[in-house]
Structures are given as structure tokens and as C-alpha cells.
Amino acid sequence: MALPPLSLTQMFDESAARHPKAPLIDFLGRRYSYAETLDGANRVAAGLHRLGYQRGDRIGLFLPNTPHYLAAYYGILKLGATVVNFSPLYTVDELALQVADSGARLLFTLSASALLPTAYKVLEASSLERLVVGSVAGALPPTKSIFYRLFRGAEVAKRPNDPRITAFSALIANDGTFPEPAIDPAEDVALIQYTGGTTGTPKGAMLTHQNLTANARQIVALDPNPGLADRILGVLPLFHVFANTCVLNRTVANGGCIIMLPRFNAAQALAAITRSKATSIPGVPTMYQALLDNPAITKTDFSGLRVCISGGAPLPPELKVRFEAITRAKLVEGYGLSESSGVVAANPYEAEGKPGTIGQPIPATRVHLVDKENPSRPAPDGEPGEIVIAGPQVMKGYWNRPDADADVFITDAAGTKWLRTGDVGQIDDDGFIRIVDRLKDMIAVGGFKVFPSQIEAILYRHPAVKETLVIGIPDRYRGEHPRAYVTLNEGADVDGEALKSWVNPQLGKHEQVDAVVVRETMPKTMIGKLSRKDLVAEVLSTP
């Protein structure tokens with residue numbers, strides 16, 4: 001597949017030229033066309049230029065899914081600057097750490113009580129120079145805007161009287177003209193995307209314009225019917241690489257419309273699907289489970305839905321079967337990571353895939369397995385190995401972390417640079433990839449390596465089990481032993497001891513769990529996938 005150099009701004013400009021009046025954003029019923037969004041981005045760039053910001057600056061987005069995100073994202077890029085994504089769920093300390101690490105000079109945020117006070121504290125105590133603050137009410141349809149101002153005032157924070165704070169409306173009060181710089185798609189960093197990581201301090205993956213547009217075009221190429229109506233439910237947070245690529249960049253590349261919701265709420269998502277006749281939903285397994293669990297699903301119109309993409313965590317086969325039966329849409333599993341701009345592999349949209357796998361490499365992507373102990377050697381035939389990838393979507397490197405680059409990249413005898421994923425997998429004769437586990441998640445039991453995902457896969461077969469994570473518990477004799485944590489489906493009447501008695505006979509002796517702990521909830525990441533890291537921290541910190 002040919003993927004000539006292309007900047008994100010050129011991709012956006014070309015889509016806007018092809019579909020100027022088509023809707024790009026549907027935000028709770030208010031629509032913004034490609035031409036309107038382009039005009040907003042140009043005004044953001046012009047406003048930033050007049051404030052003294054320029055090519056190469058790092059500018060942060062501390063935003064939920066609102067129209068401000070798109071205008072700021074493309075406006076920053078048009079200036080030749082670099083976007084830095086920050087989660088709106090960050091604490092002051094987390095945000096301050098990444099602002100300092102990235103060297104961000106300015107931060108876009110909203111006048112929401114969950115955001116502005118945090119951003120202002122970071123402004124007061126860091127090298128950050130300025131905040132640009134938007135209004136949620138201003139982005140809503142008129143009737144909803146009035147409702148928001150009247151009845152949800154507690155969610156709005158008063159903007160401090162500080163010359164370092166600029167209203168978003170004031171920033172874009174210009175004619176949208178500015179000296180647009182030339183962009184080198186292969187070299188210029190468009191986005192610094194901090195990795196979630198399973199351990200240690202998050203690292204900033206430097207994604208070039210070409211990395212991101214290549215991945216967007218690769219994803220569009222997966223769809224055998226790219227010319228059909230394209231209305232994608234944008235409920236995954238845009239600050240996360242999954243949504244940045246699969247919701248934002250891919251939809252712009254295809255000229256589609258984002259049915260945007262500021263946060264995930266199952267009832268609101270189902271209502272939006274009915275109202276918009278959404279054709280696609282990218283999500284994580286816990287999101288699909290929440291949709292199925294909501295009573296409104298029986299009244300939801302799924303007639304427009306064609307294909308849904310699951311990523312971020314393994315997709316339980318039972319969840320896939322149930323979701324497809326109710327919606328009549330296809331639910332396919334894919335795989336990617338921040339360092340690969342979002343997507344590496346996916347099951348086919350129309351042809352038969354293989355449940356339990358992450359599919360095959362997407363176009364122009366190569367995947368192979370290396371030895372788990374020595375990545376300079378291929379994995380032994382027939383044995384699992386660490387997945388390494390090469391392709392146009394692979395990051396330039398980590399921001400200011402040459403030490404981390406040395407750990408994550410390997411170069412073969414032919415000079416090809418491969419990205420180590422840290423995931424252990426197998427590849428079958430048809431090229432389908434099965435994730436076995438993460439190198440860092442493997443449990444060492446008396447010299448044996450135990451893969452938590454294999455135990456979890458068996459537990460998911462029990463009709464009572466809704467969610468499960470298996471972690472290693474320190475053991476003086478064996479080093480570690482596996483322990484399972486589960487939540488139960490509504491109405492299930494089973495205890496941990498019964499589940500332990502059920503699962504252990506199906507496991508090897510070294511794999512058997514010492515207990516199955518039933519919980520009300522499981523810790524989850526910012527995008528809603530189960531968080532093994534947080535569970536480990538919680539369990540091991542408890543006396």
C-alpha cells in the first residue's frame with residue numbers, strides 16, 4: 001500500500017475542500033461542518049500566532065470531547081506547533097509532571113469545575129505561560145446551552161481574573177490569517193502522546209504527521225465500503241491514541257461525521273446511536289458490556305450500525321457473540337499502542353475473522369516474533385515470542401528519552417528498525433496474531449512463567465463472571481502465586497470458593513489460583529479498560 005508523505009493539516013484541508021458543507025461534528029445535536037471547523041482551526045492558529053506562539057512550540061490540550069478539541073488540535077498543527085494530549089482526569093500533580101516533561105507553554109481547557117481549577121493550579125506552579133479557556137455552553141445547541149447555564153452551574157468554574165488567561169472566544173476573534181509554515185510530514189512531530197504504561201513514569205511518544213496520517217489511511221483501507229455513510233460514535237476520549245486515530249484522524253481522512261459525546265454514559269450513547277443512525281462504534285470491551293447491561297438497549301435503533309472496533313483489552317468471545325446478536329453489527333477486535341499511532345492489526349470487517357485473536361497486520365505493517373529473553377534472536381519455532389512491528393505508523397521515538405529508545409527499538413541485519421511491544425504472542429499460518437500476555441505481567445511461579453490472560457480466558461467461560469483480572473501475589477517459597485479477582489453478572493449466585501473449585505481443575509498445577517476474590521467493581525483506566533496496574537498497587541499496598 002502506497003502512503004506518500006502527508007501532513008495532518010493537508011489531510012484536513014483536502015477533506016474540507018471535498019466536503020465543505022458536510023458535517024464533521026455532531027455535538028449533542030449541534031452540527032459543525034468541515035468548512036466551519038476549518039475556519040475555527042485557522043482562527044486558533046492566527047490567535048496563537050498573535051500571542052507569540054510559533055512552529056515547534058508544545059501546546060497542550062486538557063479537554064474532554066467537545067468541538068473545542070478539534071479546532072485547537074488542527075489550529076496548533078497549522079501553526080507548525082506540536083499537540084500534547086493530557087487526560088482531563090489528571091490530578092494537579094499528574095498534569096504538572098507532564099507539562100514539565102513536555103515543556104508545554106500553553107494549555108487549552110474548559111471552564112468546567114473538573115478542569116479549570118486543576119489547570120490554574122498548574123499555571124501557578126509551573127513553567128506554563130498561559131491558559132486558553134473555552135465554554136461548554138457555547139458549543140451546545142441554543143436550548144441545551146440555556147439549560148446548562150441555568151441548571152448545571154455547579155459544574156462551571158468562574159474564570160480567574162488573571163492576564164495569563166485568555167477566553168477561547170477572544171483567541172478566535174480574528175480573520176484566520178497567519179503565516180502558515182511548511183511542514184515536513186516525516187520529520188515534524190505532530191503529537192506527543194504519553195503512554196499509559198504498566199509500570200514506571202509515562203513516556204511521551206513522538207508521533208509525526210506522517211505516522212498519524214499513514215495510520216488513518218491504513219484504517220480507512222480496511223473498510224471494503226469506504227464510500228458508504230460514515231457516522232462514527234465519538235465517545236472514546238480524544239486525548240487517548242485509540243480515539244485520536246480511530247475516531248478523529250480516520251474520520252477526517254474519510255470525510256465522515258463524528259457523533260461526539262463529552263464522556264461515556266451508556267444511556268446517552270444508546271440515545272445518540274438511535275438519533276444519529278451511527279454506522280460505527282470504536283470502544284473497549286467494558287464499554288460494550290455497559291451498553292448491553294443498560295435497559296435502553298432493547299429500545300435502541302441499530303439499523304445504521306455496520307461494524308464496531310474493540311481494542312485496549314482482550315475481547316471476551318461471549319461478549320462479541322451477544323453484542324452481534326443484539327445489534328446485528330459486526331464486532332471485530334484489533335490491536336495497537338501509543339507508539340504505533342494507534343493501530344497495528346485488526347480482524348477483517350467482512351470476511352471471517354478468528355475470535356480470540358487481534359487479527360492480521362494492517363496494510364504496510366510487518367509483524368514478527370522475537371525471543372522473550374533475547375530480542376536480537378527470532379522466537380523458537382512454534383513457541384510464543386515478543387511481538388515486534390515495523391511500519392509507517394511507528395513513532396519517531398520518545399520525547400527526551402534516548403535511554404528508552406534504546407530499550408524499545410531493535411535493528412535487524414537488513415537495517416529495519418523494529419518496535420518492541422512488550423506483548424507476547426503467537427502467529428498462525430494465516431497470519432492471525434494471538435496475544436498470550438505481556439512480558440511484565442507474566443507471573444513467575446517456582447521457575448515457571450504463568451500467563452494471567454490464559455487463566456482469565458477460562459474464568460470468562462463461567463456464566464457468572466463479568467470481569468476478571470489475575471495477578472501475581474508474592475510467595476516466599478514459589479516467588480509468586482496467581483490470584484484471581486472477578487466481578488459477577490447481575491443475579492449471579494456464586495462465591496469465590498466455588499469459582500476457585502471450578503477453575504483450578506482446568507489449569508496446570510503451577511497455574512492454579514490460591515483464591516478467587518469477588519469484588520463489586522474493578523479498577524479501570526481512563527478509557528474504561530480493566531487496569532491490572534491499579535489492581536496490583538491496591539492489593540499489594542493493603543496490609
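At-a-glance table
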| read-out | value |
| --- | --- |
| Breaking point among (1) open to solvent by less than 30 Å² (accessible area, probe 1.4 Å); (2) in a helix (DSSP H, G or I), for N174 | (2) |
| Qualifying residue in the stretch 207-217 (condition: small (G, A, S), more than 30 Å from A271 (Cα to Cα), open to solvent by less than 10 Å² (accessible area, probe 1.4 Å) and in contact with a Pro (Cβ under 7 Å, 6 or more places away or on another chain)) | yes |
| Looking only at the stretch 471-495, and only at residues there that are among the aliphatic types (A, V, I, L, M) and either out of contact with any Lys or Arg (no Cβ under 8 Å at 6 or more places or on another chain) or over 19 Å from R532 (Cα atoms) (or both), the one that is surrounded by the fewest Cβ atoms within 10 Å (Cβ to Cβ) | A492 |
| Condition broken by R420, with the remaining ones in (1) of a type in the set (D, E, K, R); (2) within 20 Å of the chain's Cα centre (by Cα); (3) in a helix (DSSP H, G or I) satisfied | (3) |
| The stretch 443-470 - residue that is touching a residue at least 60 places away in the same chain (Cβ under 8 Å) and over 19 Å from P505 (Cα atoms) and, of those, surrounded by the most Cβ atoms within 10 Å (Cβ to Cβ) | E467 |
| Residue that is surrounded by the fewest Cβ atoms within 10 Å (Cβ to Cβ) [pool: residues in the stretch 301-345 that are acidic (D, E) and touching a residue at least 40 places away in the same chain (Cβ under 8 Å)] | E318 |
| Near pairs, Cβ below 8 angstrom, 6+ apart or cross-chain, from the stretch 117-130 (closer than 15 Å to R58 by Cα) to any residue that is assigned to a helix (DSSP H, G or I) | S126/A96; S126/V99; S126/A100; S127/V99; S127/A100; L128/V99; L128/V122; R130/L123 |
| Residue in the stretch 4-23 that is open to solvent by less than 40 Å² (accessible area, probe 1.4 Å), part of a helix (DSSP H, G or I) and among the basic types (K, R) present | no |
| Per-region count, the stretch 274-300, residues of a type outside the set (A, V, I, L, M), more than 14 Å from F264 (Cβ to Cβ) and open to solvent by less than 40 Å² (accessible area, probe 1.4 Å) | 4 |
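The values are calculated or read from the model by the stated rules, or taken from the named source; none is laboratory data. Treat the numbers as computed from the prediction; the structure is a model and nothing was measured. Counting neighbours? That spans all protein chains shown, and the Cβs are built from the backbone with ideal geometry, glycine included. For the accessible areas, the whole protein counts, side chains as well, though only heavy atoms, and no ligand, DNA or RNA atoms are used. Shrake-Rupley method; radii C 1.70, N 1.55, O 1.52, S 1.80 Å.
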